[in-house]
Each structure stands twice: as structure tokens, then as C-alpha cells.
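Asks: Below you'll find the structure I mean.
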Amino acid sequence: MKKEVLIFCLTFCIMLPFSGFAQEKPIVSRAQARACEKQTRQKDGNPGKNYWQNSSDYYIQASVDVKNKIMSGQERIVYYNNSPDSLKTIVIRLYQDLYKKGANRNSIVDVNPLDVTDGVRIESLKVNGTSMDLSEESSSVKRAGTLMYVFLNKKLAPHGKLELQIAWSFDFPQHTLIRMGTIDSTSLFVGQWYPQIAVYDDITGWDTRSYNGMAEFYNDFCNFEVEITVPEKFMVWATGEPQNLNEMLQPQYYDKYKKASVSDDITHVITEEDLKSGAVTTSKTTWKYKASNVPDFAFGISDHYLWDVTSVVVDQKTGRRTVVGVAYNTKAPHFDKVISIARETVWSLSEEMPGIPYPYPYLTVYNGDFGMEYPMITNVGADEDYGMTVYANSHEIAHAYFPFYVGTNETGNGWIDEGLTVYLPEKMQSHLSPDLNIGAYNTSAFQLYAGINGEPPLITPTNYLNPDIYFYMNYAKAEQALRMLDMQLGHDLFKKCLLAFMDRWKYKHPTPLDYFNTFNDVAKQNLNWFWQAWYYQNGGIPDLAIISVTQKDKQLTVTVENKGDLPLPVELKFYNGERPAGTTTKPATVWLNNQTKTEITFTTSETITRIVLGSDTIPDANAADNMYEMR
């Protein structure tokens, strides 16, 4: 696989050399313009009066053969076409075809050859009760990449619905962990597992981007009723509300769970001693979960995980609580502390930033591998470093807001949800782990890599990126852009704009322009210069410099030059020896209208010996010219 960025450089896009920080209008795609004309979206960033989105009801019966690592299932899908269009095709995602021989992969993790299979086995498919031809010669069903196209005999009318029945199975990956897989011989995390109807929206119609293992997901808001059959003595933790937990747990453990679900205290529902007793679960083996208005469903299983449970009030007005649980291997470092991390994260997100009550009644952190978010359950690997344990878990939990509460498109615009879920919990993370400074870490990473050869605009569709640049773009640079926006607007106004965006687009699908236009509208400012510089231009190097200092009586005049390509705030610290004598700042707007130099005055009665430009959270690729020693 070539180690280079894969981009479609369309000639009508804004991939042109950037010159100055002018009030340029962000490029409006033909699809966005058409959506505004049809009034499904508005130019001020609001949904339009004709906004619509489709949805499905999933009824799934799944079985996990742990010994042979085979998943099988039957599902019934009721698909609702809320669009004004007649649909002649239904597009279904078969994510496990990623492991199919010959599949096009661009994964963050290489697929172990032992996990290469024939993909998803579709054993039967019915549309409104009529069986479909699944042969290779079929004209009614075609497969390509990780997609299955079902061509309907009769178009699905606007505001109509249809029913699909699918029987399927696949071999579970045992040696490869791409957001899901075999954690140990009897612990499995299950994501991207069921045949799922792709999104049909007002911007692109059917989303026909095949899953290649790197870019994440874009799903409709749907309802799920799922039954999961596992061997005896196995626990199942999943998206949704457990429907028969009282039947699955022995009474003493169910009682512990019920008490924990309404308590601020942490309860060790399942301990090592309990597991040794061998009598935690009953003889029943089918676990039932139900979830409403969620974009996906995932679950984890194990016969030897511990289980800690607590709850937290997430809505002070109503007293609503979220039940927080952690399922983990006793050998996982720091995971005995994750229940406290998770509880504090849910509280902070609800009360502080963004300050919206946690949207779900349940949250389970499953001790798996790497880090991946799903509605009401996260898959997070263990880390020897406590600070990174705090970061990884709080970051994945924050994803409940993006892309699950606000349905952003991770496949196309991963920088929205990843940037926000890196940035929003940073204050809380430092509270839990004082040595952890994710803001400074991302600033360091950004100033190191900014302007690398071939760096595309941040707006570049995520599925076009190579894994080598995926993390830098969607995490480090996206976080930096948000930080600079927060500094420019001031935190109160930044939060006001963010909350307006979330309120406008909760349980809906916004585009980047809806995001940008909402901030412009709520802030009552034309921020197009900011969007152009940070999101639309190719690359961009952060580089401010002190070029001269003059002093007259008690007043110092410092001239700062922008030698780079990005509008950055100016922060100057003045020192008398080692003692701080004062700080002065200017917003990034000083660089508008092609200004490359600005003067900052500072008046003091102290003797200034040193002036320092910038901070550990304002990026600068060349720190050598950021300090001035007074003579």
C-alpha cells in the first residue's frame, strides 16, 4: 500500500493556493445548493422546513459460536422512506466483506491473512415476503465492495415503507482488531456485524462509499430490538436497555445491579470471587436489548470479565440518571479506575462542556482493544499510562454527542466529531490526571507536521485520506482549529454557537456548511476568513515571530510578523528576570486584509528583561524567533 495521501482533487473544489485572510465565501457544493433550493436546509445553518431523513426498525436474532468464532443471525428490517423520492434500489452494508479475499482495504490496521474469508454469507433475502435471487447471475441483487444492491421490482414510493428479511453468517476475525474482533479466546467485541441499510439523504442520495477499514461510519437514526444467544456463563453488554436482565443474572447479582443503577456509589457487581463461584448467570442464554433512535448497535461478550456499576444524575431538572458500567479483564491496567473516569466524564459532559444532559440512559465501557465509540457502549483497550487511560475513555464517551446526538457524517467529515470529542473533555481530563495536557500535546503534534508535503485541506473527505495522515488531520489539526476558534470568539460565545448547532441538528444529519453557517449566524460575525484558512486551504504553517522591540519611557512596542499561512492569536508574556510582569493578547483578526505585521504596546514600571511570544496551546512551527532578550 502506498504511503501517500489519496485525494480526489476536483477542479471545482477550493484546493487552490491560499492568499491572505480575506472574507471569502466557503465553496457551496451543487448538492448543498440544491438542498437549499428545495428547503431541506437553510443558508443560515438551520434545517429547512422540508428537511427529511429515512429510518429503519431492526429486529435481530443473533447467535455467537464462541468456540468456532462464527456469528449468524436473522433479521427483519422495516425501512421507512421519508424522502420525496421514489427508490428503485436499496443499498445494504455488509461490513464484514472487508475481510473478503480481494477486498479494497485502506485500514488503520493490516488484516491478518488468517482472517481473510469469503465475507458475509447471505443465506436468504426477502423483500416484502418475496425471495430474491442471490446467485452470481442475479439481476436483482449485486455485491460490490462492502455493499449489496437490491433492485426492487416495484419502486418504494415517497413516504412508503418496505420489509426486508435477511439470514446471514460470517467467520469472526480472530487475529485482526479493526474496531471489533476477538479480544481473548472467550471475550469478543462485536461491531459492524449486521446487514445495515445505508443512508439515503438529501445531499448525496444513497451513500455508496465502501468500508475500507479506515474512515468510520454514517448511519440513520433507527430502532433496534436485538436478541443475542451466547454459551452458558457468558455475559452480554450492549447498546440499549436490557430487557431480561432479571432472567439472565442470579438474583443476588441482579439485586446488586438494580441498587447500583440508582446510586452514586460504585458497586462491584461481579468480582473475581464471584466468577470463581461459577454461579453468576442463570441457565438462560439469550440476552435481549432494546434501543430507540440510535444510529448503530454493538455488543461485547465474555465469561470472565468483572463488572462495576454506578449511576449519575445527568439532568438536574428532571433527576434523570444514566447507568454507567465497566466490563473488564482483571489484568487490564487501570481498568479498576475506569468506572470513576466514566462517571466523572458523563457528569462533566452533562454539566460543563457541552452542558447538555447525557443523551442515553445507559453507558458501558467494554475493555477491548484500541478505542471505538458506539451508542451506549465503547470499546477501549487498556494502557499502562493512567493519563492515556483517562484520555481514551473520556474521548470515546464524548462521542455520544458527536456523531450520535448530532448525526455528523464520520465517513466524509471525521474531523467534526473527532475534533470536538478531543477538545470538549480536555479540562475534565486534566482534572482527573493533572499531568495530562492533551491541548499541549496536539499543539506540539500540529506544529511538527503542519505544512508537510501534500497536506490536503481539513475539509477533504475523510475516506480519501491515507492512514498516515488520518490521525493528524482528524485529531490534532481539527482540535487546533477548534481551539483557535474558541480563542477568537471567546469561550462564552464559542459555547453559545456550539450549543445552537447541537440544538438545530440533534438527531439530524448536518454538513460542514451547516456547521460553518450556524457559527456565522449565531456569532453575528462573518467567519468565512477563519473557515477558509483552517478548513479549506491546502496545508498551512503556523509561524509568528517577534521582529523588533522598541521602548520609550515605560512603554514597549513589540512588532510581530506572521511568517506563516494561518491566522493565529498573538500572546506576549513579559518577564522581569524569571518573574512574570504581564501578558497582552490580540485576536487572530489582526491578520485580516493581508496584514502580515502588527504592533502591540505594553506599559509597565517594571524592568522587562525578556519577552516571549505564544504559549503551549498556540501552535508555532518555528519557536526560535519567539523570544526576545532585552539589552
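The values are calculated or read from the model by the stated rules, or taken from the named source; none is laboratory data. Computed from a prediction, not measured in an experiment: that's the story for all the values here. Cβ sites come from the backbone with ideal geometry, for glycine too, and all protein chains shown count toward neighbours. Surface areas here come from the heavy atoms of the whole protein model, side chains and all, with no ligands, DNA or RNA. Shrake-Rupley method; radii C 1.70, N 1.55, O 1.52, S 1.80 Å.
Asks: What number comes out for accessible area per residue over the chain if the probe is 1.4 Å? Units Å², please.
Replies: 41 Å²
Asks: Which entries of 25/573; 288/477; 49/427; 67/101 have Cα-Cα distances beyond 31 Å here?
Replies: 25/573; 288/477; 49/427
Asks: Sticking with this structure for a sec: Given N residues in segment 140-233, what is its alpha carbon radius of gyration divided by 2.2 N^0.38 Å?
Replies: Cα-based Rg divided by the globular estimate yields 1.32.
Asks: Using Cα positions and a limit of under 18 Å, work out the lysines in reach of residue 100, with same-chain residues fewer than 8 apart set aside.
Replies: Straight-line reach from residue 100, under 18 Å: 69, 142.
Asks: Quote to one decimal, in nm, the extra length available between residue 142 and residue 39 on full extension: 0.36 nm per residue of separation minus the C-alpha distance between them.
Replies: Answer, rounded to one decimal: 33.7 nm.
Asks: Rounding to the nearest 10 and keeping the result within 0 to 90°, find how far the Cα-based axis of helix 338-351 lies from the longest principal axis of the chain.
Replies: For helix 338-351, the angle is close to 60 degrees.
Asks: Please compute P(r) over all alpha-carbon pairs of segment 38-168, binned at 5 Å starting from zero, and give each bin as a whole-number percent.
Replies: 2, 8, 15, 18, 16, 14, 11, 8, 5, 2, 0, 0
Asks: Accessible area of segment 344-469 with a 1.4 Å probe: how many percent of it is carbon plus sulfur?
Replies: Whole-percent figure for carbon plus sulfur exposure: 50.
Asks: Quick check on segment 36-111: what does the Kirkwood estimate of hydrodynamic radius come out to from the alpha carbon pairs, in Å?
Replies: One decimal place: 16.9 Å for the Kirkwood radius.
Asks: Now a separate question. What order, most packed first, do the peptides 47-57, 598-608, 335-345, 285-295 have when packing is the mean number of other Cβ atoms within 10 Å of each residue?
Replies: Those peptides, ordered most packed to least, come out 335-345, 285-295, 47-57, 598-608.
Asks: I would also like to ask the following. Scaled to the compact-protein estimate 2.2 N^0.38 Å, what is the alpha-carbon radius of gyration of segment 302-387, rounded to two decimal places?
Replies: Normalised Rg, Cα atoms only: 1.09.
Asks: So what J values fall out for segment 419-430 if you push phi through Karplus, 6.51 cos²θ - 1.76 cosθ + 1.60 with θ = phi - 60°, rounded to Hz, Gly and Pro as x?
Replies: x, 5, 7, 7, 6, 4, x, 4, 5, 5, 4, 5
Asks: On to the next question. Of (1) 18, 49, 27, 5, 0; (2) 12, 26, 35, 22, 4, 0; (3) 19, 51, 29, 1, which is the value of P(r) over Cα pairs in 20 Å bins from 0, in percent derived from the coordinates here?
Replies: Computed from the coordinates, P(r) over Cα pairs in 20 Å bins from 0, in percent corresponds to (1).
Asks: How do 314, 612 rank by accessible surface area computed with a 1.4 Å probe, from largest to smallest?
Replies: Order by accessible area, largest first: 612, 314.
Asks: Describe numerically, in nm with one decimal, the distance between label points set 7 Å from Cα along Cα→Cβ at residue 337 and at residue 157.
Replies: 6.2 nm
Asks: May I ask you to derive the FRET efficiency for residue 276 and residue 126 from their Cβ-Cβ distance with R0 = 51 Å, giving the value to the nearest 0.05?
Replies: 0.60
Asks: Right, another one. Could you work out the helix-only [θ] at 222 nm for the chain, with each DSSP H run of four or more residues adding -39,500 (n - 2.57) and the total divided by the number of residues, to the nearest 500 deg cm²/dmol?
Replies: For the chain, the value works out to -6500 deg cm²/dmol.
Asks: Then there is this: Using a simple charge model, +1 on the beta-carbon of Lys and Arg, -1 on the beta-carbon of Asp and Glu, nothing else, what dipole does the chain show about its Cα centre, in debye to the nearest 20?
Replies: Its charge dipole is roughly 1560 debye.
Asks: Once Rh is set to the Kirkwood radius over Cα pairs, what Stokes-Einstein translational diffusion coefficient, in µm²/s, holds for segment 187-341 at a temperature of 25 °C and a viscosity of 0.890 mPa s?
Replies: 140 µm²/s
Asks: Output wanted: per-residue J couplings in Hz (rounded whole) for segment 483-491, from phi through Karplus 6.51 cos²θ - 1.76 cosθ + 1.60, θ = phi - 60°, x for Gly and Pro.
Replies: 4, 5, 5, 4, 5, 5, 7, x, 4
Asks: What's the extension gain from residue 486 to residue 583 if we count 0.36 nm per residue and subtract their Cα-Cα distance?
Replies: Here the segment from residue 486 to residue 583 would lengthen by 33.1 nm.
Asks: Calculate the translational D of segment 192-282 in whole µm² s⁻¹ from Stokes-Einstein, where the hydrodynamic radius comes from the Kirkwood formula applied to all Cα pairs, the temperature is 4 °C and the viscosity 1.567 mPa s.
Replies: 77 µm²/s
Asks: While we're here: Rank-order 246-253, 618-625, 415-422, 181-188 by packing density, defined as the average count of other C-beta atoms within 10 Å over each peptide's residues, highest first.
Replies: Highest to lowest by the protection proxy: 415-422, 181-188, 618-625, 246-253.
Asks: Obtain the nm distance between the two label points defined at residue 604 and residue 435 by a simple spin-label model: each point lies 7 Å from its Cα along the Cα-to-C-beta direction.
Replies: So the two model labels end up 3.2 nm from each other.
Asks: Still on this structure, please answer the following. Which far-off residues, 5 or more places away or on another chain, put their amide H under 5 Å from the one on residue 364, with H placed in the peptide plane?
Replies: 325, 377, 378
Asks: Cα convex hull of segment 499-538: how many Å³ per residue?
Replies: 62 Å³
Asks: A follow-up question, please. For residue 525 and residue 135, what is the calculated FRET efficiency with R₀ set at 51 Å and r taken between the beta-carbons, to the nearest 0.05?
Replies: Given R0 = 51 Å and the Cβ-Cβ separation, E is 0.30.
Asks: Can you list the HN-Hα couplings for segment 548-553, worked out from phi with the Karplus curve (6.51, -1.76, 1.60; θ = phi - 60°), rounded to whole Hz and with x for Gly and Pro?
Replies: Rounded to whole hertz, the list is 6, 9, 10, 9, 10, 6.
Asks: Express the carbon and sulfur contribution to the solvent-accessible surface of segment 193-274 as a percent, rounded to the nearest whole number, probe 1.4 angstrom.
Replies: Heavy-atom surface of segment 193-274 belonging to carbon and sulfur, 1.4 Å probe: 42 percent.
Asks: Multiply the residue separation of residue 31 and residue 255 by 0.36 nm, subtract the distance between their alpha-carbon atoms, and state the gained length in nm to one decimal.
Replies: 75.3 nm
Asks: Continuing with the same structure: So what does log10 I(q)/I(0) come out to for segment 335-380 at q = 0.14, 0.21, 0.28 Å⁻¹, using the Debye formula with one equal point on every Cα and no solvent?
Replies: So the normalised log intensities work out to -0.34, -0.75, -1.11.
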